[in-house]
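Take a look at the structure set out below.
The values are calculated or read from the model by the stated rules, or taken from the named source; none is laboratory data. Not measured: the values here are computed from a predicted model. Cβ sites come from the backbone with ideal geometry, for glycine too, and all protein chains shown count toward neighbours.
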Amino acid sequence: MEIFFDGLIVFSLAVIIFLAIWINKRVKGILKDMQNSKKDFDKEAYKNQISNMSRQQLSSLLDVLKNRKLSVLKIVILSTLFSGISNYASAQNSGSGALLSETGIIITIALLLIPIILVMALFAIRMRKLTRNYAAKNDLTRAKKFAEYLKNQPEEEIERDITGRQQSLDYSLTHKELSGNLPAQDTKGILNVKPDMGLPFVAIKKKAITRKPVDPQLSKLVLWYLICATFWLLFGTTIGEYVGIKFVAPDADHLSWLSFGRLRPVHTNSVFWGWASLGMLGLGYYVVPRVGNRPLYSYKLGWYSLYLINATVLLGSLALMDGINNGGGEYREYIWPIMLLFGIGLVLTLINFLKTIARRATKEIYISNWYIVSAIMFCLVIATVAYVPSWQNGLGETIVQGYYMHQGVGMWFMLFTLGLVYYYLPQQLNKPIYSYSLGILAFWTQILFYTLIGTHHFVFSSIPWWLQTVAIFGSVGMVIPVIAGTTNFLMTFKNGWYQLADSYTLPFFLVGTIFYFTGSMQGTAEAFRSTNLIWHFTDFTTAHSHLTMYGIISFYIWACVYTIVPRMTNNEAPQVTVGAHFWLALIGLLFYTVPLMYGATMKGKMWMEGKPFIDSVVLMAPYWLWRAIGGTLMWISHLFFAYNLYKMMPSTAKVDVGEKAIEILQSELNVAQSK
Amino acid sequence: MEWFDDHKKLFLAALLLFVGLTVLVAIIPALKNERINQALPGAEPLSQDAIAGKYIYIANGCVGCHTQQVRNVDMDKMWGQRPSMAADYALIRRTDFWRNTATLMGTERTGPDLTNVGTRQGNKEWNLTHLFNPRILVKESVMPAYPWLFEIKKEPAQGDVVVNVPAEYLKGIDGKVVATKEALQLVAYLQSLKQAKLPDQIIAPEFLYKKAKTEATAGSDGAATEIDGAELYGIHCQACHQANGEGLPGAFPPLKGSKVVLDDNIDLYVDIIMNGYTARESEGYGPMLAVGTNANLSPEEVAAIMNHERTSWGNNAKKVTPDDVKKVLEAIKSEKK
């Protein structure tokens, strides 16, 4: 609520300042006009007036002048003189202070601001009327003076001026000055006239640009990573959807393997380690060799890594459903023998990437590889810290848990995905990244601040108070890398925004970037002690994790998939289903998160008031229903995504008419030559 | 910078920065915490049954919805007598070779906190029925049912713990619901979840962010603030005696039309609320715990609850005042001496 009121106050202050500036400008304008109207018409003013008049006005003026000698002078002139030149001197309102931390005071100020704004608005309306009256009066004096001036000037001169002006108004281009009259010949291949296809049902977007063919071995590897990732996305979100439904219908089934407590970690772990991790790795396998201009060190290692990670998620999911888990740390539910497979898979990939980079043809290491390789190294460190038992007795386990769960998100998923975006976004926009050095700044500050923030999940717990404070400090520090990253991506879009309309990949990038900013900033806001009071332990956390893991990571992965797969397979997904995927995912996510966040805020307030716990369960019922509806939309969007991926798979049956014709001619030629 | 172009130097630098910070914010605090914190003298180690029950608690992912931490903020007061301390967790060790330490503090409170549930709701019968299907007792609950922790027997053997389940939850199956060993172990674990008493020389941490004392200022000008008895009933009584005051036949006695509740003499009534009751076990009703004492209810709060019970569901008895309750409490105290 406090944030809401803060926002309201800032908004109100902005309105007040705006009104003050406007009134100020208005008054200045009147004063200037009054001065002007006192002045006599001179040569310059006359010239200005003539050039400001419309064609019609000029000809009627000419008529009048011609008839002047015969009749009484009648001049009607509509003035167009006035344009107040503004002089911005903002009347700064004071209003911020230390007292603002009290909710009561904030509410009071917000309430006070409403009538103030109302009064200002009324005042503004009065002022507007008044100034208009003044302006009309001034214009009248000015018109009289102008008429007087015209009367006293030699007639021929005025006539010459007016006809001259009329000629310049009449002039227009023929539109043939540059092209000439001959039909166009497109020798540079610039024109792209599409054959008539009737009314398009969806907007026609640009096709992927054909590039140098990708090594078939690499593209097979990357495609299989993406296929497996998509399988785990479908599996994981089907589970997630079912788990969400259980909030609405807790008696949907009574099987131990499908009970809520066991399925929940199946959902989180399979979308984490199955979908997002495999997706990122697959896309990474394309980027790492590409930016170093050398082929991948070993395809075999890449395949082993894929097998191992798939085995991890498969065995892990089965174990969790059977009730075998590690003791309940978030995303740490797989027991160590299973997680070890994932670790080995990552080590193999790390070796593979490092060897590839060591053999690179470029001098520098492109920023994407900084992010990607570091993410893999850090993930291994995190997992080691989380699974080695030496420091996990008692509260130690919770301290490690706080560290682990947040580093997993920030140092594995976020870091890796940022690395991907640093490659795929400029690729798709066909221009370099806006600032390499901002990328470097974001890289080091992300490591510096993100590493500290883990324990903000245990604010007010028995974890040492200083450690909680460090975590909150780190959360605030995250503003730096997040703003650096967002700025970098948005500025890369600069001058390329027009491409958004006719691209089906860029909207995914844009949504990812927007959620990167809002989701991460929301994380900072949630970390404060005051906001923790309301939101901690509520469904707000669930909403936040979906805004970030789904809004940022998944949207970016989809963006990259739609960017890269057509280049490897020469097949594009149907635009209708890509559009369906995009909109269902986005709208579903909003249906999922917004009601949950609202309900969670109400729930937190209820807890603070000491209401019976069950009341908060009753309160959440409609918001849980909304969550299930949003979740269903998201789930349907994944079906579309899977279909799209299927459509993008390499095909053998498809015949390219041009390509085939060349082939036929070539073979005929060969036959002729051999004779 | 040159070293940015050397992959060994670049990645080593990043790794060292990350590992260094990791040691500072995770490993050192964790190790230090192990060293300096010891279990409270009042803390009881878990029984064999409770340990087995904890494994079931872990296996079924209960931590996904139930926290076990009373934070040092005022709103958490309802979950324990004092905020949890590092020492409360000091006894917890690695589960076994395969599984990590389970501190089970949790990060989500979709269900109530369980730090002190053994004191608050330690009733075995209640817990068993609730596990079989929570909606028997708490209509609005979204907690999963755990029927696989129970078996249906036509004729329960000697020593079988029969669970009270209304017919509509049996879906026409004939027989009695009997708790398995696992169900009993899980309940033993829940019953063992109690906040240990602090030794006299240790002062419990304070609850922060106390509710603003608007009530106090309102009360200063004479008007006594009304305590919401219905709300307190919802927190402390409703889980067993139900929102309609009818209890659960064969498990929890009704308060609607209850002789004890409606009686003009409130001695027994107050005594039951504060100190529990076992006199009706022969009728099949489980023992009632010392709800009032465990929850630290004030005489004003007890009076509010009593007045709610005496005037709801068709009950129509004279209201009591906090002073009446105080008198009874003093009488009970002196009797004990």
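Brief remarks follow.
- Take the conditions (1) at the interface with another protein chain (Cβ under 9 Å from one of its Cβ atoms); (2) in a helix (DSSP H, G or I); B:Thr119 misses just one of them, which is (1).
- Residues of segment B:317-334 satisfying the condition of being part of a helix (DSSP H, G or I) and surrounded by 12 or more Cβ atoms within 10 Å (Cβ to Cβ): B:Pro322, B:Asp324, B:Val325, B:Lys326, B:Lys327, B:Val328, B:Leu329, B:Ala331, B:Ile332
Table: residues versus (1) touching a residue at least 60 places away in the same chain (Cβ under 8 Å); (2) surrounded by fewer than 23 Cβ atoms within 10 Å (Cβ to Cβ).
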position	(1), (2)
A:Leu301	no, yes
A:Leu308	no, yes
A:Ala311	no, yes
A:Leu314	no, yes
A:Gly323	yes, yes
A:Asn326	no, no
A:Gly329	yes, no
A:Arg332	yes, no
A:Leu340	no, yes
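- Options B:Glu155, B:Glu168: the member that is more than 23 Å from A:Met608 (Cβ to Cβ) and either in contact with a Cys (Cβ under 9 Å, 6 or more places away or on another chain) or not in a loop (DSSP other than H, G, I, E, B) (or both): B:Glu168
- The set of residues in segment A:340-371 being among the hydrophobic types (A, V, I, L, M, F, W, C), under 32 Å from the mean Cα position of the chain (by Cα) and away from chain B (no Cβ under 11 Å) consists of A:Phe342, A:Leu346.
- Pairs, first within 10 Å of another protein chain (Cβ to nearest Cβ) in segment B:41-63, second of a type in the set (A, V, I, L, M, F, W, C), C-beta under 6 Å, six or more apart: B:Ile56/B:Leu186; B:Ile58/B:Ala102; B:Val63/B:Leu104
- Checklist (1) buried (at least 21 other Cβ atoms within 10 Å of the Cβ); (2) in contact (Cβ under 8 Å) with a residue 24 or more places away in the chain; (3) out of contact with any Cys (no Cβ under 7 Å at 6 or more places or on another chain) applied to B:Ala86, failing item: (1)
- Scanning segment B:64-92 for residues that are at the interface with another protein chain (Cβ under 7 Å from one of its Cβ atoms) and small (Gly, Ala, Ser) gives B:Gly64, B:Ser84, B:Ala86, B:Ala90.
Yes or no, residue by residue, for (1) surrounded by fewer than 10 Cβ atoms within 10 Å (Cβ to Cβ); (2) assigned to a loop (DSSP other than H, G, I, E, B); (3) of a type outside the set (D, E, K, R):
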residue: A:Phe123; (1), (2), (3): no, no, yes
residue: A:Arg128; (1), (2), (3): no, no, no
residue: A:Ile158; (1), (2), (3): no, no, yes
residue: A:Gly164; (1), (2), (3): no, no, yes
residue: A:Lys176; (1), (2), (3): yes, yes, no
residue: A:Thr187; (1), (2), (3): yes, yes, yes
residue: A:Leu191; (1), (2), (3): yes, yes, yes
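- Residue ranges of helices (runs of 4 or more DSSP H) in segment B:1-104 with at least 2 members among the aliphatic types (A, V, I, L, M) and over 30 Å from A:Ile357 (Cα atoms): B:28-36, B:48-59
- Wholly enclosed helices (runs of 4 or more DSSP H) of segment A:419-495 bearing at least 1 residues under 26 Å from A:Tyr286 (Cβ atoms) and within 14 Å of chain B (Cβ to nearest Cβ): A:436-450, A:479-493
- Selection from segment A:239-296 of residues that are outside any helix (DSSP H, G or I), charged (D, E, K, R) and closer than 22 Å to A:Thr563 by Cα: A:Arg294
- Here A:Val214 meets the list (1) part of a loop (DSSP other than H, G, I, E, B); (2) without any contact (Cβ under 8 Å) to a residue 60 or more places away in the chain; (3) surrounded by 10 or more Cβ atoms within 10 Å (Cβ to Cβ) almost entirely, failing just condition (2).
- Residue that is within 10 Å of chain B (Cβ to nearest Cβ) and over 28 Å from A:His456 (Cα atoms), where the choices are A:Val565, A:Val578, A:Val618, A:Val561: A:Val618
- Residue within segment A:564-584 that is surrounded by 24 or more Cβ atoms within 10 Å (Cβ to Cβ) and under 15 Å from the mean Cα position of the chain (by Cα) present: no
- Scope segment A:608-642; condition in a helix (DSSP H, G or I) and without any contact (Cβ under 8 Å) to a residue 12 or more places away in the chain; matching residues: A:Phe613, A:Ile614, A:Asp615, A:Val617, A:Val618
- Criterion applied to B:Thr107, B:Thr103, B:Thr95 was being modelled with pLDDT of 90 or more, farther than 30 Å from A:Thr601 by Cβ and at the interface with chain A (Cβ under 8 Å from one of its Cβ atoms), and the one residue passing it is B:Thr95.
- When residues of segment B:167-213 are limited to those that are under 21 Å from the mean Cα position of the chain (by Cα) and of a type in the set (Phe, Trp, Tyr), the one modelled with the highest pLDDT: B:Tyr189
- Filtered residues of segment B:234-293 (kept if part of a loop (DSSP other than H, G, I, E, B) and in contact with a strand residue (DSSP E or B) (Cβ under 6 Å, 6 or more places away or on another chain)): B:Gly276
- Within segment B:122-140, tally of residues that are closer than 19 Å to B:Leu193 by Cβ and not in a helix (DSSP H, G or I): 4
- Some residue of segment A:383-393 being crowded, with 20+ Cβ neighbours inside 10 Å, in a loop (DSSP other than H, G, I, E, B), within 8 Å of another protein chain (Cβ to nearest Cβ) and not aliphatic (A, V, I, L, M): yes
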